[in-house]
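Structure, as structure tokens:
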Amino acid sequence: MVTAERTTVRLVCAECGTEYPTGVPRYRCTCGGLLTVEQPLAALRETVSRELFDVRLASRARLDQSGVWRFRELLGDYSPGEIVSKPEGRGNLYEDARLTDWAGVGQLWLKHEGENPTGSFKDRGMTVGMTHARRLGARTVACASSGNTSASLASYAATAGLAALTFVPEGKVSTAKVAQTIAYGARVIQIRGDFDAAMRLVQEVAETPEYGVYLLNSINPFRLEGQKTIVLDALQALGWRVPDAIVLPGGNLGNTAAFGKALEEALALGLIDRIPQIITVQASGAAPFARAFARGFAPGSYRPVEAKTVATAIAIGDPVSYPRARRVIQTTEGIVLAVSDEAILAAKAQIDRAGIGCEPASAATLAGLRALITDGLLPAKASVLAILTGNLMKDAEAIAAYHQPDPRSERPGANPPITIDPTLDEVKILLDEAGRWGAGSTE
Ligand code: F0G
């Protein structure tokens, strides 16, 4: 008997395969497994092609201008009128010879997701998550956050006209991220505890139906559908040439999961002909994933930690998407590693000094890449796509602290501001030293 091809999305448990309706809020299976959105790939193979997406690059239509909705066939069956978009997903792809050399790789492209409307990659997931929230008739949306998700949620909730609650760890989020969230009108609830405590609490809130709160953390599978487009957009910008590896920072591990899904679907749809290695970099003070990888993902190798790192965006000790991300590392024969805060800040100084800039968590990518090359774990001729996840202006405190003079620590490229009296004599003294300010590497 010939059965009609499935043409709609399904919501299924990644562990046991149980299917749930997409029209009812749900984040986990009754077995405890995380849920995945399954796209109707067999049917999509008839409609989707590189050419379809490439033609849209020249279009002025609202949805084509979004680097998320340009790939709308792979995101579900939303109609144009219901989509909540700014648009987003229009960050640059940078190449800088100084950074390529510093990392020691053959070729390096940096995709800047910090150039999104609220300054981080979260907008890619949020546009889809908020669209889905509206379809479900949600009135209040919520998240736990180390700051970027909360800023993105607040902004997209404002666009959609929904109420927003964000749960953040008190004193562990940069001023800029809290400020953004407040300014966009979300309620900021500061938790006496860390990100992981906030995450546990918000899940309990969302699983209590009478509160009527829809959860938009990356445990929400519709958010991950949006984040798939980071990879699709970057591959398209590379003319669909597949790099040897894609490097990204890992916190709650939603992106690692989304990247793997994007690549699997792109391969199934004939958009690419091979799968690159996924390399996830954690901060060494928040590295339960790297630890489990180092132990071959053996049973018992995963243990939550108490997270502490200067890269506050990824100060996460018990990542929600761990099982999804583990599968991605296994299927792409990827790598997970941890780098020190010093290495993250040194890499950030390089990216900033190249005039590109990013927040500390994003610089873990470059730090990780350099460490892999130094240790011989990645061939020096490798071509690599690195994802910069957040904007430089997200964390001014980290910048001010790094560039402060400090005789106790070595800080390559430290560039503290200089204070003088308003006299030409003082300027002259400075100009005489100006040879030291030439452009180039911070080393
Ligand atoms: N980079 C930045 C700038 C982030 O804000 C985050 C996560 C990550 C990397 C890690 O991505 O969670 O997909 O592994 N920030 C979340 C937040 C947790 O609440 O803003 P992941």
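The values are calculated or read from the model by the stated rules, or taken from the named source; none is laboratory data. Only a predicted model underlies this, so the values are computations on that prediction, with no experimental measurement involved. Note that each Cβ is placed from the backbone with ideal geometry, even for glycine, and that neighbours are counted across all protein chains shown. Just so you know, the surface numbers come from the protein's heavy atoms only, side chains and all, with ligands and any DNA or RNA stripped out. Shrake-Rupley method; radii C 1.70, N 1.55, O 1.52, S 1.80 Å.
Want the number for residue 434 to residue 374: 0.36 nm per residue separation, take away the alpha-carbon distance, what's left?
18.2 nm
Which value, in Å², gives the accessible area per residue of the chain when a 1.4 Å probe is used on the protein heavy atoms?
Per residue, the chain has an accessible area of 42 Å².
Please figure out what share of the DSSP beta bridges in the chain is antiparallel and state it in percent, rounded to the nearest 5.
25 percent
Given Cα pairs under 8 Å that are at least 6 residues apart, what percent is the relative contact order of the chain?
The value is 16 percent.
Could you work out how far apart the two model spin labels at residue 58 and residue 419 are, taking each label as a point 7 Å from the Cα in the direction of the beta carbon, and quote it in nm?
5.7 nm
Whole angstrom only: what separates the Cα centroid of region 55-94 from the Cα centroid of region 330-387?
When both Cα centres are located, 29 Å separates them.
Going toward the positive end of the dipole of the chain, with +1 on Lys and Arg Cβ and -1 on Asp and Glu Cβ, which of 203, 165, 369 do you reach last?
Of the options given, the answer is 203.
When the chain is fully extended, how far beyond the present Cα-Cα distance does residue 410 get from residue 187, taking 0.36 nm per residue of separation?
Result: 76.3 nm gained on full extension.
Report the charge-dipole magnitude of region 97-161 in Debye, nearest 20, computed about the Cα centre from +1 at each Lys and Arg Cβ and -1 at each Asp and Glu Cβ.
With Lys and Arg at +1 and Asp and Glu at -1, about 300 debye.
Apply the Karplus parameterisation 6.51 cos²θ - 1.76 cosθ + 1.60, with θ equal to phi minus 60°, to every residue of region 198-209 and state each ³J(HN,Hα) to the nearest whole Hz, in sequence, with x for glycine and proline.
Residue by residue, region 198-209 yields 5, 5, 4, 5, 5, 5, 4, 4, 5, 8, 9, x Hz.
Which value in nm describes the separation of the simple spin-label points at residue 381 and residue 170, placed 7 Å from the Cα toward the beta carbon?
5.7 nm
Add +1 for every Lys or Arg and -1 for every Asp or Glu among the other residues with Cβ under 11 Å from the Cβ of residue 86, and state the total.
Net of charged neighbours comes to +1.
In the chain, carbon and sulfur make up what percent of the accessible area (probe 1.4 Å)?
The value for the chain is 52 percent carbon and sulfur by accessible area.
Once you list every other residue whose beta carbon is under 12 Å from the beta carbon of residue 247, what net charge do they have if Lys and Arg are +1 and Asp and Glu are -1?
Net local charge, residue 247 excluded: +1.
Whole-Hz ³J(HN,Hα) for each residue in region 274-288, computed from phi via Karplus 6.51 cos²θ - 1.76 cosθ + 1.60 with θ = phi - 60°, x for glycine and proline: what do you get?
7, 10, x, 6, 9, 10, 9, 10, 10, 7, 5, x, 8, 10, x
By the scheme Lys and Arg +1, Asp and Glu -1, what is the net charge of all other residues having a beta-carbon under 12 Å from that of residue 195?
Spelling it out: positives minus negatives among the neighbours equals -2.
Enumerate the calculated ³J(HN,Hα) couplings along region 342-359 in order (Karplus 6.51 cos²θ - 1.76 cosθ + 1.60, θ = phi - 60°), each rounded to whole Hz, writing x wherever the residue is Gly or Pro.
Couplings: 4, 5, 5, 5, 5, 5, 4, 4, 5, 5, 5, 5, 7, x, 9, x, 6, 8 Hz.
Describe numerically, in nm with one decimal, the distance between label points set 7 Å from Cα along Cα→Cβ at residue 179 and at residue 294.
3.7 nm
Over the chain, what number does the Rg to Rh ratio reach, with both radii from the alpha-carbon atoms and Rh per Kirkwood?
Radius of gyration over Kirkwood radius for the chain works out to 0.98.
Would you work out the charge dipole size for region 351-439 about its Cα centre, treating the Cβ of every Lys and Arg as +1 and the Cβ of every Asp and Glu as -1, and quote it to the nearest 20 debye?
With only Lys, Arg, Asp and Glu charged at Cβ, the dipole is about 500 debye.
Compute, for the chain, the length of the dipole vector about the Cα centre, with Cβ point charges of +1 (Lys, Arg) and -1 (Asp, Glu) only. Units Debye, rounded to 20.
Taking the Cα centre of the chain as origin, the dipole is about 960 debye.
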